[in-house]
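Reading through the structure tokens given below for one structure.
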Amino acid sequence: MHTDEILDDTLGDLLTKFDPAARRRFNLSIKHHAGVTGSQANYRNLQFGIDNAQLSEWTLNGRPGRSIFNHSMAVHDGKLYVGTVEGQTNDDKGHVCRYDDGEWTDLGAPWKSNGVTSMASFEGRLHVGVSRVLLHYSGLEPTIAHHIGGKVFRYEDGGWVDRGQILGIDGVNGMVEFRGKLYVSGFYQPGLFRYEGGQEWAAVGSYEGMRPEALAVYDGAIYATGYDAGAVYRYDGESWSHTGRLGDSTQVYGMAIYRGKLHAGTWPKATVYRYEGDNHWVSTGRLGEEQEVMGPNVYNGKLYYG
């Protein structure tokens, strides 16, 4: 099969015979997932899956590094990679770990800041964004580290190559490829930035100064979740627009494309919304009695959210 080198939309099923209600039969798909909170989690990964409505158990696969929590995750070149947040002080550096045959291999700390917060495959290499993660936002002891992030690194020949400091931000949250270019969003400060080569980044702004966070490519544009107004914003490569509010939510997190539609998870009522176009979002329901829903993925023909 063939896919174009430069894309401005997602990829999906090649061959599927699947009953979504009964969860039976098979899917052959290209996993091409961005917007999964901060990372481009899958990039043109071929997957074949059979489902016969069976339930299985979750198994523990160890702890990457000395992580307090794992903030980013992506498949690259057939391996699973995780970016960690490892503490609150100047001595705590976020690491990247690779899952190798049941064990985690530590690939080191790209930078001095305490978190590796986004990942993407780009031009055949794993790229990661680093941040000073303010832990009190996650109900932990406050961050006292002084080392800011806001940098992107490429993994090459067993080491980390600096792709530059992005001015005006101290962390990188979203990361995605769009029309052959790598884009990132700020973690706490507003802004979307495009990689121009070397260590150069171009600022392309945001919608009315709002903070674009998770980034997904869909239907010819970048869609960005937001922490400020319970909305999703659209960047078509030249200008920004508003796609509407998601019910009474105040923050929007991870996105996934399922059965051709863009879905987004929200806070404070853990509701997932589906985009129907023309600035119209439809609720697909609340997940249990939770407050916050973030990480999505499409697996064996079904949409899953954590």
| Cα-Cα P(r), the chain, percent of pairs per 20 Å interval | 34, 60, 5
| remark: For the stretch 1-138, inverting the pair-averaged 1/r of distinct alpha-carbon atoms gives a Kirkwood value in Å of 16.8
| query | Are there GluC sites (Glu not before Pro) in the stretch 1-100 that DSSP puts in a loop and that have at most 11 other Cβ atoms within 10 Å, and which ones? | reply | E5, E57
| said: Rounded, prolate or oblate, given the Cα gyration tensor of the stretch 148-306, with a/c below 1.5 counting as rounded? | reply: prolate
| field | For the stretch 208-286, convex hull of alpha carbons as volume per residue, Å³ | value | 79
| message | Quick check on the stretch 120-233: take the gyration tensor over C-alpha atoms, sort the square-rooted eigenvalues as a ≥ b ≥ c, and tell me if it's rounded (a/c under 1.5), prolate or oblate. | response | oblate
| said: For the stretch 27-69, which trypsin sites (Lys or Arg not before Pro) pass both filters: DSSP loop (anything but H, G, I, E, B) and at most 15 other C-beta atoms within 10 Å? | reply: R44, R66
| query | Whole-Hz Karplus ³J(HN,Hα) for the stretch 105-115, in order, using 6.51 cos²θ - 1.76 cosθ + 1.60 and θ = phi - 60°, x for Gly and Pro? | reply | 9, 7, 9, x, 9, x, 8, 7, 6, 8, x
| query | Around L182, which amide H atoms from residues at least 5 apart in sequence, or from another chain, sit under 5 Å from its own amide H, with H modelled in the peptide plane? | reply | Y195
| query | What's the exposure ranking of T84, T271, going from fewest to most Cβ atoms within 10 Å? | reply | T271, T84
| field | DSSP-assigned coil residues among GluC sites (Glu not before Pro) in the stretch 198-306, each with at most 16 further Cβ atoms within 10 Å | value | E238, E276, E289, E290, E292
| Between S239 and R286, 0.36 nm times their residue separation minus their Cα-Cα distance comes to what? | 13.7 nm
| Which whole-number percent is the relative contact order of the stretch 102-259 (Cα, under 8 Å, 6+ apart)? | 13
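Laboratory data are not the source of any read-out in this text; all were calculated from the coordinates shown. Being a predicted model, the structure only gives us computed values, none of them experimental. Glycine also receives a Cβ, built like all others from the backbone with ideal geometry; neighbour counts cover every protein chain displayed.
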